[in-house]
Amino acid sequence: MKISVLGGGSEIGASCLHIQIGKTNLIIDAGMRVHGDEPLPAIGMLDDLGKPDAILVTHAHADHIGALPVVHRIYPDVPIFANPPTADLMQIMMRDSFKIMTQRCMDRRTLIPYTKEQMEETLRALRLFPANGQMTIGDASVTLHRAGHILGAVMFTIETGEEKLLVSGDLSFKAGRTIPGAEVPTGSRPDALIIESTYGNREHSDRNTEEKRLADNVAEVIAAGGFALIPAFALGRAQEVLLILQDYMDRGLIPQFPIYVDGLVTPISKIYRRYPHYLKGPVAHRIQQNGDAFLTEGRCTAVEPKDREQVLKGKPACIVASSGMLIGGASVWYAERLVGSEKNAVFITGYQDEESPGRKLLRLAEGESRELELNGVVHQVKCRVDKYGLSAHGDAGELTRFISMIRPAKTLIVHGDDEARTALLERIDRRSHPLLTENGEAYTFMAQGHVAAAATRQENRRDQELRDKVGQLVLYKKDIGDELKLALCSGFYSKTKSLTCRTPKGKTIRISLEQVCETLGAWNRSFDELQGTVRAVFDFSRPFLKKIAWQKLKQGRFGFESIAAQCLTEHTLEQRIALALALQSLPDTCKTAAKGATNYQLDAENLQRLTNLELPIQAMKMNATKAMDCVRTLLTDNRHFIRCGADDLGTGQEHITLYFDFPSTLDAEARNALEKRIKADTGWAIVFSDSVRVDLLQNRINELLGTSGSSSVYLDTLTAGVPIKRPDNAEELLKQLKAETGFSLTFKDEPGESGVGRSPSSVQPDFYRSETVSPRLENNEAIREAGVWAKERGITLYKSSMKQSGGQTYMEIHFITPEVALRHGSDMEELSWRTGLPITYAKNPKQNEVIRIAAEKIPQRWGMKKNPSLHTAQAELIVKLSEQPPDDELQQVRDEIDQLTGYQLKVEVR
Ligand SMILES: [Zn+2]
Ligand SMILES: [Zn+2]
């Protein structure tokens with residue numbers, strides 16, 4: 001293998017490596033320098049090196065990504081890989097790098113090395129590492145390991161059959177409240193290790209002492225009426241500082257005071273929030289509890305440039321602002337205004353470049369002069385200046401311990417100043433052959449042949465089984481009869497032999513390995529994305545099950561991955577979850593579970609049942625309410641459709657019943673199509689109710705004939721007898737009625753085939769009745785029962801009363817609107833069963849209520865001048881506004897109002 005160091009070898013800045021291993025060429029990182037005349041790595045070296053097959057990014061700091069656009073310009077078709085949090089962070093950090101670069105070049109009147117467009121182009125070219133943290137590039141396989149340091153930072157193991165290389169990137173082991181420390185990759189010894197050495201000459205002072213000193217000193221300055229400015233690297237350090245200060249407040253160790261956050265710190269903290277599964281447990285927990293752990297309401301506030309004056313006019317406070325070295329950015333603005341007063345303080349928390357104003361400030365704290373140049377203006381420094389060790393890099397001891405566990409054949413030391421590198425070189429075991437690298441040099445090694453690494457720690461096997469689950473999505477069942485659920489494993493407890501997992505809702509749970517039914521692979525994307533995916537499949541798995549190529553499955557005994565490889569058509573998490581749910585629904589006799597995974601016995605019968613989706617697979621049906629919503633939407637344009645209801649719930653026969661005013665208007669073909677469509681859309685079977693809306697039929701007949709009487713209706717033959725003589729235009733009328741209702745007529749004195757000797761069915765409009773006969777309650781009891789029923793069903797009942805018609809007693813109940821009533825058809829059938837009475841609903845809406853609810857739900861900021869107007873015939877609410885509200889907001893309000901009133905909100909803008 002050949003390793004060429006384009007930058008970041010004998011320095012911190014412009015990290016860039018070209019690796020040739022086997023037949024594969026890779027570039028790892030392309031960063032920039034913040035100081036000196038040359039911002040870029042030695043890109044020219046690439047001319048004599050092989051074209052890269054891919055560019056890999058360790059993490060999103062500018063000294064690792066700032067020159068990527070230059071490399072991308074040379075190799076526009078070469079993919080750039082980063083893991084998801086790094087890719088997210090790069091969107092912000094890259095634009096910031098560009099700003100810094102442009103400013104510097106303008107100051108020095110040199111050419112800007114790339115354009116904004118090239119930078120955007122580079123961001124668009126980013127690709128994500130696969131979720132399992134492993135991929136093949138050319139003849140090399142690349143494995144990612146957590147590197148601590150900052151959100152998303154990784155190391156790479158790159159190996160071919162013959163050679164193996166480990167590239168550390170920036171590393172930290174225990175430092176920090178935000179991110180867990182670096183992993184130690186296991187397996188065979190690498191032929192070479194490339195390791196950073198930022199603090200190779202130092203042992204970190206005790207972290208707790210430093211944190212306490214910082215918190216105490218900030219509190220002290222504020223108590224004395226001053227402002228404490230903490231310039232911090234926006235990515236990593238700032239999040240640490242925010243957690244430290246707020247934790248000390250929570251524990252009552254320092255008083256509460258306002259914290260202001262300015263500059264890039266704000267958007268970056270928001271990205272941290274999206275990846276709780278990459279953060280330490282307590283931070284993730286706080287995000288789950290409060291929605292955020294960094295910016296917290298009433299205590300830690302994000303500030304924009306326009307608010308800055310106001311902050312300094314306000315109460316004494318702590319200001320955490322980027323940049324960390326006082327090179328441009330928000331921190332300089334505050335420093336210019338704060339350094340002149342003894343009351344204030346500037347507290348430095350990170351590495352300072354030799355030439356940075358931050359470093360100068362520290363030097364002048366040691367005596368000498370009191371002058372500091374910021375933005376070209378010389379300031380007399382009177383404020384307090386101090387520095388705190390909150391490093392995000394391993395110290396000399398940690399780095400040497402790491403190297404002694406890895407036991408590489410060769411060790412290349414990079415990413416450190418001369419002092420740090422030589423000090424580290426001295427400490428490394430000679431058997432790991434340490435050497436200092438220089439920028440512009442290439443190093444060639446012969447493969448050493450893999451030497452199996454002696455196990456560094458004797459771990460018992462059980463621990464390894466648990467450890468293997470960390471970072472994986474697991475499908476688990478708390479108890480035998482329970483539903484399957486999914487969680488992301490985030491850690492394990494050796495002592496209790498259990499796993500800690502995070503559910504998609506953000507809850508932390510603890511489960512045993514025995515409760516894990518299947519392991520679905522690693523997850524490295526954002527938590528939001530995981531939530532969405534899981535909800536989609538667990539709400540309704542059928543569409544995902546349909547996409548699986550079941551017919552490709554072979555008979556035999558397989559594990560999950562092997563089955564997935566046979567039949568998945570897309571390698572999405574959705575399909576993987578759906579597949580696992582299906583396999584888990586196989587009979588117990590066909591499954592053997594071990595170590596949180598299952599082996600499935602696929603015989604001809606099982607394959608058949610999978611192909612036909614004839615197994616009790618979880619979530620194969622939508623839940624009943626959603627499914628009915630779906631059916632209603634599907635049938636909105638069918639004017640015969642009245643309502644639907646879910647019946648026989650919880651039995652093998654559960655189905656949705658569809659009610660039409662005149663069911664005979666649907667022929668067999670239409671019914672078939674509908675049945676298929678609803679099955680595919682919702683997973684539910686349907687039944688067509690044959691009950692006819694006789695009242696509507698009656699009205700229609702009267703309308704057509706211009707009569708007002710009642711006819712005798714014969715449901716079995718679909719005819720109605722009317723008490724008038726056949727009119728002249730009978731043909732036409734009959735045709736029309738037939739088309740609309742499926743009924744035909746017989747006229748007076750015309751003994752048609754229906755009529756004689758049979759009794760017509762009684763006409764009772766709009767009644768809901770239970771199919772099972774039940775005892776009738778006494779009137780007052782029935783009214784009381786209606787109240788109980790409404791409460792149980794979460795229905796707002798405005799009134800219920802007993803009525804009589806045609807010698808029959810029934811109950812009329814008042815919903816807010818008849819539209820809402822129609823949504824409770826099956827509920828009303830149930831009430832009928834509970835009271836033994838036919839139930840009907842009031843046909844008039846409670847107009848004032850509808851308006852009141854609408855006025856309450858419509859946000860004030862829409863600036864509604866007048867109450868909305870009601871159009872009861874269309875069940876519409878019209879509101880006039882001067883501006884169109886945002887779509888998503890409108891949709892939300894519309895849904896809420898529809899939910900409560902059954903009325904559709906329409907906005908008219910003028
Ligand atoms: Zn870094
Ligand atoms: Zn770095």
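The values are calculated or read from the model by the stated rules, or taken from the named source; none is laboratory data. Given the structure is predicted, the values throughout are model-derived calculations rather than measurements. Cβ placement follows ideal geometry from the backbone for every residue including glycine, while neighbour counts extend to all protein chains displayed. Keep in mind that these areas ignore ligands, DNA and RNA; they rest on the heavy atoms of the full protein, side chains included. Shrake-Rupley method; radii C 1.70, N 1.55, O 1.52, S 1.80 Å.
Could you tell me whether His277 is touching a Leu at 6+ places or on another chain (Cβ under 8 Å) and surrounded by fewer than 21 Cβ atoms within 10 Å (Cβ to Cβ)? Against the criterion (touching a Leu at 6+ places or on another chain (Cβ under 8 Å) and surrounded by fewer than 21 Cβ atoms within 10 Å (Cβ to Cβ)), His277 qualifies.
Per-residue answers, yes or no, for (1) outside the structural domain of Pro276 (by TED's automatic domain parsing); (2) on the phi < 0 side of the Ramachandran plot; (3) not in a helix (DSSP H, G or I):
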| residue | (1), (2), (3) |
| --- | --- |
| Cys501 | yes, yes, yes |
| Gly506 | yes, no, yes |
| Asn524 | yes, yes, yes |
| Arg535 | yes, yes, no |
| Leu545 | yes, yes, no |
| Ile548 | yes, yes, yes |
| Glu561 | yes, yes, no |
| Ala565 | yes, yes, no |
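For (1) among the hydroxyl-bearing types (Ser, Thr, Tyr); (2) assigned to a strand (DSSP E or B), each residue gets a yes or a no:
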residue	(1), (2)
Pro255	no, no
Val261	no, yes
Thr266	yes, no
Ser269	yes, no
Tyr272	yes, no
His277	no, no
Val283	no, no
Gln288	no, no
Asp292	no, no
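Listed by first and then second residue, the pairs linking a residue in the range 417-428 that is outside the structural domain of Thr400 (by TED's automatic domain parsing) and without any contact (Cβ under 8 Å) to a residue 40 or more places away in the chain to a residue that is open to solvent by 70 Å² or more (accessible area, probe 1.4 Å) and part of a helix (DSSP H, G or I), with Cβ atoms under 7 Å apart and 6 or more places separating them unless they lie on different chains, form an empty list.
When Ala147 is tested against (1) among the small types (Gly, Ala, Ser); (2) open to solvent by 10 Å² or more (accessible area, probe 1.4 Å); (3) under 30 Å from Thr209 (Cα atoms), only condition (2) is not met. Against the definition (crowded, with 17+ Cβ neighbours inside 10 Å and not aliphatic (A, V, I, L, M)), how does Gly328 come out, yes or no? Yes; evaluated as a whole, the condition is true for this residue. Scanning the range 391-406 for residues that are in a helix (DSSP H, G or I) and either open to solvent by 10 Å² or more (accessible area, probe 1.4 Å) or among the aliphatic types (A, V, I, L, M) (or both) yields a count of 9.
Residues that are open to solvent by 20 Å² or more (accessible area, probe 1.4 Å), within 16 Å of ligand 2 (Cβ to nearest atom) and touching a residue at least 40 places away in the same chain (Cβ under 8 Å) within the range 37-76 comprise Leu40, His61, Asp63, listed in sequence order. The set of residues in the range 302-316 being among the aliphatic types (A, V, I, L, M) and more than 21 Å from Lys270 (Cβ to Cβ) consists of Leu312 alone. Would you point out the residue of the range 137-149, among those that are in a loop (DSSP other than H, G, I, E, B) and more than 12 Å from ligand 1 (Cβ to nearest atom), that is nearest to Asp29 (Cα to Cα)? Among residues in the range 137-149 that are in a loop (DSSP other than H, G, I, E, B) and more than 12 Å from ligand 1 (Cβ to nearest atom), the one nearest to Asp29 (Cα to Cα) is Gly138.
The residue that is nearest to Ala140 (Cα to Cα), among those in the range 24-77 that are touching a Gly at 6+ places or on another chain (Cβ under 6 Å) and more than 16 Å from ligand 1 (Cβ to nearest atom), is Thr24.
Taking the numbered list (1) over 20 Å from Ala215 (Cα atoms); (2) in contact (Cβ under 8 Å) with a residue 40 or more places away in the chain in turn, Ile348 passes all entries but (1). Restricting attention to the range 161-197, the residues being within 16 Å of ligand 1 (Cβ to nearest atom) and open to solvent by 10 Å² or more (accessible area, probe 1.4 Å) number 7. Within the range 474-512, restricting attention to residues that are among the basic types (Lys, Arg) and closer than 17 Å to Ile617 by Cα, the residue that is surrounded by the fewest Cβ atoms within 10 Å (Cβ to Cβ) is Lys477. Each residue in the range 150-182 was checked for being under 23 Å from the mean Cα position of the chain (by Cα) and either under 30 Å from Gly138 (Cα atoms) or in a strand (DSSP E or B) (or both), and 5 pass. Does at least one position in the range 379-390 carry a residue that is open to solvent by 10 Å² or more (accessible area, probe 1.4 Å), closer than 20 Å to Arg189 by Cα and not polar (S, T, N, Q)? Among the residues of the range 379-390, not one is open to solvent by 10 Å² or more (accessible area, probe 1.4 Å), closer than 20 Å to Arg189 by Cα and not polar (S, T, N, Q), which makes the answer no. Among the residues of the range 1-36, write down those that are within 14 Å of ligand 2 (Cβ to nearest atom), part of a loop (DSSP other than H, G, I, E, B) and under 21 Å from Leu436 (Cα atoms). Gly8, Gly9, Ser10, Glu11, Ile12, Gly13, Ala14, Ser15, Gly31, Met32, Arg33, listed by residue number.
Being under 24 Å from Ile480 (Cβ atoms), under 29 Å from the mean Cα position of the chain (by Cα) and either without any contact (Cβ under 8 Å) to a residue 24 or more places away in the chain or open to solvent by less than 70 Å² (accessible area, probe 1.4 Å) (or both) is the requirement here; does Thr633 meet it? The answer is no for Thr633. Would the range 110-121 turn up any residue that is part of a loop (DSSP other than H, G, I, E, B), crowded, with 18+ Cβ neighbours inside 10 Å and more than 16 Å from ligand 1 (Cβ to nearest atom)? Yes; the residues of the range 110-121 include at least one that is part of a loop (DSSP other than H, G, I, E, B), crowded, with 18+ Cβ neighbours inside 10 Å and more than 16 Å from ligand 1 (Cβ to nearest atom). Whenever a residue of the range 809-825 is not assigned by TED's automatic domain parsing to the domain that holds Thr872, its partners that are crowded, with 18+ Cβ neighbours inside 10 Å and among the basic types (Lys, Arg), lying with C-beta atoms within less than 8 angstrom and at least six residues away or across chains, give the pairs His814/Lys846; Ile816/Lys846; Thr817/Lys846; Leu822/Arg643; Arg823/Arg643; Gly825/Arg643. Pairs meeting the criteria (first residue in the range 436-447 and under 21 Å from Leu424 (Cβ atoms) and open to solvent by less than 50 Å² (accessible area, probe 1.4 Å), second residue β-branched (Val, Ile, Thr) and assigned to a loop (DSSP other than H, G, I, E, B), beta carbons under 8 Å, at least 6 apart or on different chains) are Tyr443/Thr437.
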